[in-house]
Amino acid sequence: MKISISIVIITVFVSFTGCVSYSTLQSAKTLDPGSVLIGGGSAFPMDANSIGIFPEVNARVGIVPDFDFGLKYSLPSLYFLDGKLQLIDGPITLSADVGWSYFSYSGGNGTSKGKSTGWYPMLIAGQDHWYAAVKGVYFQTKGEFEFFGLQTFDGSGWISTNVVFGGVIGSDVRLLPEINVIIPKKGKTLFVPSVGLQFVF
């Protein structure tokens, strides 16, 4: 039984390359200076035939008024960091965010290797209990990657525009249900439900 479960988990992670960040899981408002957020969650990319699971851990820290910094690690091997600047504070908060990711891959026999970086400029708006965003994804890769639900990509360029809708339930302990709608330059639109649990100190 344990072997069967392990095979299923490995198949999910290997079949669906997590070479870009699928989730957003942050509100429009920046953290106060000195405040720290620690959390976790998962994105669930899906198409007509399959669903992927990409668990993540994340953290943010308030640096100065109206600016915070975040980082996350997402399985199988994605590192992501971003900075968010709050432009307008109420009645609807508006912030600008720029993220950067790094992903590397090596096949089990050492014959298949690749690495990639991504840039994610985003405008995010919202209030205490909801947020919405528009995000671009610029991707650079050495090696060929097949995106979950998208076409194979090799080289560099803008690969998608993402539209994000999310909720924020709670304050110091909060649950974030979210949907990311990924609209690629080529291929079918991909819907990525995500959920996060966060603690603010």
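The values are calculated or read from the model by the stated rules, or taken from the named source; none is laboratory data. If you're wondering where the values come from, they're calculated on a predicted model, not measured in any experiment. No Cβ is skipped: glycine too gets one built from the backbone with ideal geometry, and neighbour counts run over all protein chains shown.
Restricting to region 19-77, give me the number of residues that are part of a strand (DSSP E or B) and not charged (D, E, K, R). Step through it out loud before you land on a result.
In the first step, residues of region 19-77 are kept if they are part of a strand (DSSP E or B); the result is 36-43, 46, 51, 54-64, 67-74.
In the following step, the residues that additionally are not charged (D, E, K, R) were identified as 36-43, 46, 51, 54-55, 57-59, 61-64, 67, 69-71, 73-74.
Adding up the residues that qualify gives 25.
Among the listed residues Phe139, Phe147, which satisfies the condition of being surrounded by 14 or more Cβ atoms within 10 Å (Cβ to Cβ), hydrophobic (A, V, I, L, M, F, W, C) and modelled with pLDDT under 85? Break it down stepwise before answering.
Values: Phe139 fails: modelled with pLDDT under 85.
Within the list Phe139, Phe147, the selection yields Phe147.
So, in region 20-36, of the ones that are buried (at least 24 other Cβ atoms within 10 Å of the Cβ) and among the β-branched types (Val, Ile, Thr), which residue ends up nearest to Gly166 (Cα to Cα)?
Among those that are buried (at least 24 other Cβ atoms within 10 Å of the Cβ) and among the β-branched types (Val, Ile, Thr), it is Thr24.
Give the residues of region 78-104 that are modelled with pLDDT of 95 or more and either buried (at least 19 other Cβ atoms within 10 Å of the Cβ) or outside any strand (DSSP E or B) (or both), sorted by residue number.
Within region 78-104, Phe80, Asp82, Lys84, Gln86, Ile92, Thr93, Ser95, Asp97, Gly99, Ser101 qualify.
Quick check, is Gly39 in contact with a helix residue (DSSP H, G or I) (Cβ under 7 Å, 6 or more places away or on another chain) and either buried (at least 18 other Cβ atoms within 10 Å of the Cβ) or modelled with pLDDT under 75 (or both)? Walk me through how you get there before you give the answer.
Working: in contact with a helix residue (DSSP H, G or I) (Cβ under 7 Å, 6 or more places away or on another chain): no; either buried (at least 18 other Cβ atoms within 10 Å of the Cβ) or modelled with pLDDT under 75 (or both): yes.
Considered against the rule, which asks whether it is in contact with a helix residue (DSSP H, G or I) (Cβ under 7 Å, 6 or more places away or on another chain) and either buried (at least 18 other Cβ atoms within 10 Å of the Cβ) or modelled with pLDDT under 75 (or both), Gly39 comes out as no.
From the residues in region 105-136 that are assigned to a strand (DSSP E or B) and at pLDDT below 90, which one is nearest to Gly166 (Cα to Cα)? Can you show your working first?
Filtering region 105-136 down to residues assigned to a strand (DSSP E or B) leaves 105-106, 113-127, 130-136.
Okay, now just the ones that are also at pLDDT below 90, so 105-106, 113-116.
Working: Tyr105: 30, Ser106: 34, Lys113: 35, Gly114: 32, Lys115: 30, Ser116: 27 Å.
That would be Ser116.
So in region 168-201, with the set limited to residues that are in a loop (DSSP other than H, G, I, E, B) and surrounded by fewer than 16 Cβ atoms within 10 Å (Cβ to Cβ), which one is nearest to the chain's Cα centre (by Cα)? Steps first, please.
Here is the first cut: in region 168-201, the ones in a loop (DSSP other than H, G, I, E, B) are 168, 171-172, 185-186, 188-189, 201.
Applying the additional criterion that residues be surrounded by fewer than 16 Cβ atoms within 10 Å (Cβ to Cβ) yields 171-172, 185-186, 188-189, 201.
On the way: Ser171: 21, Asp172: 22, Lys185: 19, Lys186: 20, Lys188: 19, Thr189: 16, Phe201: 22 Å.
The selected residue is Thr189.
Which pairs turn up if I take residues in region 165-182 that are of a type in the set (Ser, Thr, Tyr) and look for partners that are assigned to a strand (DSSP E or B) with beta carbon separation below 8 Å, at least 6 apart in sequence or on another chain?
Partner pairs satisfying both residue conditions: Ser171/Val200.
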